[in-house]
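Accompanying notes for the structure given below.
We did not get these values from a lab; they are worked out from the coordinates using the rules stated. On a predicted model such as this, the values are computed, not experimentally measured, just so you know. All Cβ positions, glycine included, derive from the backbone under ideal geometry; neighbour counts span all protein chains shown.
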Amino acid sequence: MLTAIKIAVRKVKKIPRGQLTQRVTLGLRKYITNYPYSISIQTVSACNLKCKHCFINDYRTEIHDGVIKIMKFNEFVLFAERLRPMIQHASFFNFSTFEAILNKHLFQMMDLILEINPRMQFPFLSNTMELSAEKIARLEQYPISEVNISLDGYTKKTVEDFKTEVVFEKIIETIRLLRGSGLKDKLAVTFVAHRDNIRELPDYVDFVHGLGVKQIYVSNILSFTSSLEPLALYTPEGNPEAQQLFDEAVKRAKDHRMNISMPRLSPVTTGCQSTETFFVDINGNVAPCDFLAVSTPFTLWGKTVRHAPVIFGNILKDDPLQIYRHPAFKKFRQSHRLGKDLPEQCTQCIDAYGLMCSNRTHHTA
């Protein structure tokens, strides 16, 4: 009981004020029912881009066990049926950590999930290259909790130099289409901060404000291989120059009455929130996150490590609920919730130290 109280206190302190009631309710329900509130099925383990900073770009080269595939609808039906009891209890369902819109069956999949749980909400992530006015119109018909667009700068050169094969004008046009749609209040952007774009961040806030965006997420770049590490802004001691730019971005966001979520620039063992989502890869394997579903390398402070995948079971062979409730998986999640005694496989990943997506500081309008 004492451990549960400690976890609850840590989590409540990090919740943005505007989300407090919803997140506390979800947390209590998860604790009481012992079901996950978020599920992610990797319906797509492929991407339409070849960005150098994305680990899927290393599939078949650095990561030999990575499978590039788009799930068929009949496969998804089987996955959903196996997960039916969990889907009935969950609040959020994600169709991939990659570009979900690549799967032509996405809307059929959404329909199937809503048949099982009409209260389900769908977070949606996109680089926009495959989004059209027609697809946005279809997305409007579904309970989308957030549309998060990847945009790593406000100039064409900065964005296109960082993301291979992306078209800056297409991203901006898609954001404008979303602002004119029924999803306008769900729109957010994510800025991956690195050495080559950090000086744009304060002006970026002004730029996306002009596009009508109200929520910005800033993340640091995760170095999978040593070639990416020179781009990183974070250091063991912090980065005063980058911190000044972070602080100026927060100030401008507040001036515009925008919300902005910022990572740290020096590490603190916080644990990772990815473990709260029940993640199933395209083969049916249950892992703590998409990185640990394959033999992903992690580079941190000049050291590169690679571990075997962390798999707790396979939903096509094992009872998914028993996988989730297994003591080993529970212990893994609890170490991240407490931010102590982290599993060895996570100690070289920056998301365990407040440097990427998890445990950002939320500045609200």
For the chain, what does -39500 (n - 2.57) per DSSP helix run (n ≥ 4), summed and divided by total residues, give at 222 nm, in deg cm²/dmol to the nearest 500? -10000 deg cm²/dmol
If contacts are Cα pairs under 8 angstrom and at least 6 residues apart, what is the relative contact order of the chain in percent? 18
Could you run the Debye sum over the Cα atoms of the range 49-193, one equal point scatterer each and no solvent, and tell me log10 of I(q)/I(0) at q = 0.17, 0.20 Å⁻¹, two decimals? -1.06, -1.30
Placing +1 at every Lys and Arg Cβ and -1 at every Asp and Glu Cβ, with all other atoms neutral, what dipole size does the chain have around its Cα centre, in debye to the nearest 20? 1240
In sequence order, what are the phi-derived ³J(HN,Hα) couplings for the range 174-184 according to the Karplus relation 6.51 cos²θ - 1.76 cosθ + 1.60 with θ = phi - 60°, rounded to whole Hz, with x for glycine and proline? 5, 4, 5, 4, 5, 5, x, 10, x, 9, 4
Excluding near-sequence neighbours (fewer than 8 apart on one chain), the range 226-365 holds lysine pairs with C-alpha atoms under 30 Å apart numbering 7
Give the cysteines in the chain for which no other Cys Cβ lies under 4.7 Å away, or write none if there are none. Cys47, Cys272, Cys289, Cys346, Cys349, Cys357
Fully extended, how many nm does the chain gain between Gln108 and Lys331 (0.36 nm per residue separation, minus their Cα-Cα distance)? 76.7 nm
For Glu344 and Asp206, extending 7 Å from Cα along the Cα-Cβ vector and measuring point to point gives, in nm, a value of 5.1
Along principal axes, Cα extents of the chain, largest first, whole Å: 50, 47, 45
Translational D (Stokes-Einstein, µm²/s) of the range 277-355 at 20 °C and 1.002 mPa s when Rh comes from the Kirkwood sum over C-alpha pairs? 162
Which length gain, in nm to one decimal place, applies between Arg176 and Lys135 when the Cα-Cα distance is subtracted from 0.36 nm times their residue separation? 13.3 nm
Just the projected area, averaged over all directions, of the convex hull on the alpha carbon atoms of the range 207-299: how many nm²? 8.4
Ordering of 58-65, 284-291 by burial proxy (mean other Cβ atoms within 10 Å per residue, highest first): 284-291, 58-65
Computed on Cα atoms only, the convex hull of the range 117-179 has an orientation-averaged projected area in nm² of 4.6
Can you give me the Cα centroid spacing of the range 127-176 and the range 304-365 in angstrom? 29
Within the chain, percent of DSSP bridges classed antiparallel, to nearest 5: 30
Of the options Gln244, Ala193, Val208, report the single residue whose Cα projects farthest towards the positive end of the charge dipole of the range 162-254 (beta-carbon charges: Lys, Arg +1; Asp, Glu -1). Val208
Residues whose built amide H sits under 5 Å from the amide H of Thr270, excluding neighbours closer than 5 in sequence, are Tyr353, Gly354
Spin-label point model (7 Å from Cα, Cβ direction): what's the Thr364 to Gln88 distance in nm? 3.4
Report the Rg/Rh value for the range 193-232, based on alpha-carbon coordinates and the Kirkwood definition of Rh. 1.09
Of all GluC sites (Glu not before Pro) in the range 139-191, the ones in DSSP coil with at most 14 other Cβ atoms within 10 Å are Glu140, Glu165
Over the chain, with a Gaussian network built from C-alpha contacts below 10 Å, which listed residue (Ala193, Ala137, Ala80) shows the highest mean-square fluctuation? Ala137
Post the alpha-carbon centroid distance, the range 187-201 to the range 66-119, in whole angstrom. 30
Given Cα positions, please report Rg to Rh for the range 142-210, the hydrodynamic radius being the Kirkwood one. 0.98
Length gained if Asn34 through Leu316 is fully extended, taking 0.36 nm per residue and subtracting the Cα-Cα distance, is 99.4 nm
